[in-house]
Structure formats: C-alpha cells, structure tokens
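Encoded as structure tokens, the structure appears first; notes follow it.
The values are calculated or read from the model by the stated rules, or taken from the named source; none is laboratory data. Predicted, not measured: the structure shown is a model, and the values here were computed from it. When we count neighbours, we look across all protein chains shown, and the Cβ atoms used for this are built from the backbone with ideal geometry, even at glycine. Remember, those area values only see protein heavy atoms, side chains included, never the ligands or the DNA or RNA. Shrake-Rupley method; radii C 1.70, N 1.55, O 1.52, S 1.80 Å.
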Amino acid sequence: MNILQNFYPDQKNIFKDGLTISPNIAFNGLQAITNAGMILIIGFGLYTLIQLNKSVLQKNFLSIGIFRTLGLIAVLAFSIPSLWQWFWATLHFIDGTQTINFDSVRYLIVALCQPLIAILCLWRLFGWYRLGTTINSLH
C-alpha cells in the first residue's frame, strides 16, 4: 500500500473502486525495479571491493570469477567518470568559476566518495595483479 500511495499521493483510498492500472503505474514500477536491480549490482560490487581490499592487505589471493568481475566493472563504470568530472570542476574552481555546490552536503559527500572508490578499486586491482604474479612466479 505504501508503494501504491507513492504513485498516487493525492488519493486517500486507492482501493475504493478497485486497483487502478495505468501506463503510469507500469512505467513507475519498471523504474523502481530497475533502481532496485542497480542497487543490488552496485552493492555486490562494493562488497566485492571490500573483500578485494581485505585480501590484498592480508596478502591472500582472492579468486575473482565472472560475477565478482562484473561487480567490480559496475563499480568502476559508476565511479571512474567522477574522476574526470572532479578534474575539470577543480580546474574551473581554481579559475574562479563556481562549479562546486556546497548547498547540499549530502550530494557533495557522495560526489567526494565516488573518486575515492574508483581510486581504491584501481589500486587494489593493481595490488591483486601483483600478488597473483608473485604467487605464480613462486610456483
């Protein structure tokens, strides 16, 4: 009922004349399902990044299969563009152009975390690769 009330915030009793089906509900439902799927994929990718970070710090080789690879690719796909954006925003900010919005602290914190995630992921993948080549050279 809470989800349906989000689709119809101005109606008090949605079930009065039965459940209304319209393209608006269908498309909003698809958007909600897509967003939930994206949250699951990125969440799994971040969990894999935490596992990778832990294994590289402990010098244990983590086996990365297809799902972990896809999770890390998803994390990189969403975080690497922020490096490019922060590079240009910083250059424009140094030149005196107001490119960074300090009004919304929540968005600023997210925007600051994205490049850090990208750097951590790339750094740990490099460490994982070095660890793997070290282990292979010992055998």
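For every residue, the table says whether it meets (1) small (G, A, S); (2) modelled with pLDDT of 90 or more; (3) open to solvent by less than 100 Å² (accessible area, probe 1.4 Å).
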| residue | (1), (2), (3) |
| --- | --- |
| W86 | no, yes, yes |
| T99 | no, no, yes |
| Q114 | no, yes, yes |
| L120 | no, yes, yes |
| G127 | yes, yes, yes |
| R130 | no, yes, no |
| N136 | no, no, no |
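So T69 ticks every box in (1) touching a residue at least 24 places away in the same chain (Cβ under 8 Å); (2) closer than 14 Å to L125 by Cβ; (3) open to solvent by less than 80 Å² (accessible area, probe 1.4 Å) but one. Which box is left unticked?
It is condition (1) that T69 fails.
Give the residues of the range 21-52 that are open to solvent by less than 40 Å² (accessible area, probe 1.4 Å), in contact with a Lys or Arg (Cβ under 9 Å, 6 or more places away or on another chain) and either closer than 19 Å to L131 by Cβ or at pLDDT below 90 (or both), sorted by residue number.
T48, L49, L52
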